[in-house]
Amino acid sequence: MAVPKNKVSKQRKHKRRTHYKLATPGFVVCPKCHTLKLPHIVCKACGTYNGKEVVAMDDKA
């Protein structure tokens, strides 16, 4: 069985895990309402995708 011969220090462990982090999603600006949205997804504010209204948004809130 593989058993560590010596203790791995915290510094060595943290150096090995430097790339374990969350990446921020890339947002784009909606061309119609100018809010931030995820690319290739319908805008939640105005309901448009690729310049066309695909979801009817009710103004009742």
message: Please list, in order along the range 13-23, the HN-Hα scalar couplings obtained from phi with the Karplus expression 6.51 cos²θ - 1.76 cosθ + 1.60 (θ = phi - 60°), rounded to whole Hz, x for Gly and Pro.
response: 5, 5, 5, 5, 9, 5, 8, 8, 8, 7, 9
- prompt: What is the extension gain from T35 to K21, computed as 0.36 nm multiplied by their sequence separation minus the C-alpha to C-alpha distance, in nm to one decimal?
  reply: 2.4 nm
message: Binning at 10 angstrom from zero up to the longest distance, how are the C-alpha pair distances of the chain distributed in percent?
response: 18, 27, 14, 12, 13, 13, 3
Label zone at A2, where the point sits 7 Å out along the Cα-to-Cβ direction: the range 14-32 residues whose backbone N lies under 18 Å: 14, 16-17
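Readers should treat all values here as calculations from the given coordinates under stated rules, not as data from a laboratory. Note that this is a predicted model, so its numbers are computed, not measured. All Cβ positions, even for glycine, are placed from backbone atoms using ideal geometry, and neighbour counts span all protein chains on display.
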